[in-house]
Amino acid sequence: MSEQPELADTARQHLEPAAAEAVRAYAAQTREKADQFAAVLEDIATNGLPPVEDCTPWEELREQHLLRLARQRPAVA
């Protein structure tokens, strides 16, 4: 027996068509990113880590990401 109380049987609120499509698009993007990440991990498992000379330091990646975020943010007066 479960010790969790039963949830009330409530009707789900449906999304507007545009909102539902936006959620589906986000799910597809998230799925694609997860697939890419999984492929990288599988490659590492199969072939080992890449040589250090072929890698980008995390500090450089961080700075690139911060620049992308700064470009997306609107300027404040």
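A few remarks follow.
- Per-residue HN-Hα couplings for region 31-46 [Karplus 6.51, -1.76, 1.60; θ = phi - 60°; Hz; x = Gly/Pro]: 4, 5, 5, 5, 5, 5, 4, 4, 5, 5, 5, 5, 4, 5, 4, 7
- In region 17-72, the portion of solvent-accessible area held by carbon and sulfur atoms comes to 62 percent [1.4 Å probe, whole percent, DNA, RNA and ligands not counted].
- What the chain shows is 105 Å² of accessible area per residue, with the surface traced by a 1.4 Å probe over protein heavy atoms.
- Correct choice for Rg and Dmax of the Cα atoms in Å that was computed from the model, options (i) 13.1, 42; (ii) 21.4, 60; (iii) 18.6, 60: (ii)
- With θ taken as phi - 60° and the Karplus curve 6.51 cos²θ - 1.76 cosθ + 1.60 applied, the whole-hertz 3J(HN,Hα) list for region 50-66 is x, x, 4, 4, 8, 9, 9, x, 4, 4, 5, 4, 4, 4, 4, 5, 5 Hz, x standing for glycine and proline.
The values are calculated or read from the model by the stated rules, or taken from the named source; none is laboratory data. Computed from a prediction, not measured in an experiment: that's the story for all the values here. What goes into the accessible areas is simple: the full protein's heavy atoms, side chains included, and nothing from ligands, DNA or RNA. Shrake-Rupley method; radii C 1.70, N 1.55, O 1.52, S 1.80 Å.
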